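Student: Pasting a structure below so you can have a look.
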Amino acid sequence: MIKVITENEDKEKMMIILDKILETIYFYYPQNISYSDRKYHLSTQIKRLVRKRREHSENGSYSYQINEILAQIFEDYEVIDWTDLESANDYEYRILLHQNQLILDDDILLINSLGGKRLDLFLFISILDNYYYFFINETILDNHTNKWVFKYISTYSTEIKNVIDKMQAVLFQNGYIEITSELANTIIEDVETELKGKGKARIFDCLFTDLISISD
């Protein structure tokens, strides 16, 4: 028998996840204290955050486990590690979504070899808890104006859909929960990060990184 998930059940599930996310964020970030305030950096929460980053930086087993998972998922794709645990709370990767295509040293040469359009999957895996977020970025080079155009996309080929489905299934099997765009863009009013002040910090900034912005 197929169980049909109603809209109310879906909202209820999202609220449960949101409550758990907030519990995680408040464990690592002080509430209602400005980043510029000395109390912020001396808080128990930030001390926990610093320890967590150091733990992952010094223990290569975490990185090894994630790299093994990604190797299983993206065996035919080029995976680039963008992780910076000194400044962010996540393992971060860029996956070139063109099968058996190596990353070239020259971006113009690469995009021309791809017919003028490049697709990359941006993947973020939090160190604070078992959450991940991703989006797909399309890059186009206009050869007439030499201008680069970047945009997020939500429609793509069956080939890409299949590899994304595989990613979601494997990460789920390994205990990771996907953060939807709606949740990722939810603002946490009483928390600040280094680059996002009061009323600006989103769940994405806290769980993953505030070094980049994501679209609504």
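Student: Can you go through Ile103, Ile108 and tell me which one is modelled with pLDDT under 90 and in a loop (DSSP other than H, G, I, E, B)?
Tutor: That would be Ile103, the only listed residue that is modelled with pLDDT under 90 and in a loop (DSSP other than H, G, I, E, B).
Student: Could you check the range 139-155 and list, in sequence order, the residues that are closer than 14 Å to Leu114 by Cβ and either touching a Ser or Thr at 6+ places or on another chain (Cβ under 6 Å) or not in a strand (DSSP E or B) (or both)?
Tutor: Asn143
Student: Which of the residues that make up the range 142-180 are among the polar types (S, T, N, Q) and either without any contact (Cβ under 8 Å) to a residue 12 or more places away in the chain or within 24 Å of His98 (Cβ to Cβ) (or both)?
Tutor: Asn143, Thr145, Asn146, Ser154, Thr155, Ser157, Thr158, Asn162, Gln168, Gln173
Student: Please find, within the range 129-157, the residue that is nearest to the chain's Cα centre (by Cα) out of those that are under 14 Å from Arg94 (Cα atoms) and among the hydrophobic types (A, V, I, L, M, F, W, C).
Tutor: Phe134
Student: Within the range 171-186, can one find any residue that is in a loop (DSSP other than H, G, I, E, B), closer than 30 Å to Arg38 by Cβ and open to solvent by 40 Å² or more (accessible area, probe 1.4 Å)?
Tutor: yes
Student: What's the number of the condition Ser126 fails, among (1) in contact (Cβ under 8 Å) with a residue 40 or more places away in the chain; (2) open to solvent by less than 20 Å² (accessible area, probe 1.4 Å); (3) over 18 Å from Ile95 (Cβ atoms)?
Tutor: Single failed check for Ser126: (3).
Student: Examine the range 135-145 for a residue that is open to solvent by less than 50 Å² (accessible area, probe 1.4 Å) and within 30 Å of Tyr40 (Cα to Cα), and state whether such a residue exists.
Tutor: no
Student: Would you mention how many residues in the range 36-66 are part of a helix (DSSP H, G or I) and either within 20 Å of the chain's Cα centre (by Cα) or under 30 Å from Gln168 (Cα atoms) (or both)?
Tutor: The number of residues fulfilling the criteria is 18.
Student: Does the range 111-128 hold any residues that are assigned to a strand (DSSP E or B) and within 22 Å of the chain's Cα centre (by Cα), and which are they?
Tutor: Arg118, Leu119, Asp120, Leu121, Phe122, Leu123, Phe124, Ile125, Ser126
Student: Determine whether the range 72-82 contains at least one residue that is open to solvent by 10 Å² or more (accessible area, probe 1.4 Å), part of a loop (DSSP other than H, G, I, E, B) and closer than 19 Å to Leu211 by Cβ.
Tutor: Yes: one or more hits.
The values are calculated or read from the model by the stated rules, or taken from the named source; none is laboratory data. This is a predicted model, so every value here is computed, not measured. Cβ: placed from backbone, ideal geometry, glycine included. Neighbour counts: every protein chain shown. Keep in mind that these areas ignore ligands, DNA and RNA; they rest on the heavy atoms of the full protein, side chains included. Shrake-Rupley method; radii C 1.70, N 1.55, O 1.52, S 1.80 Å.
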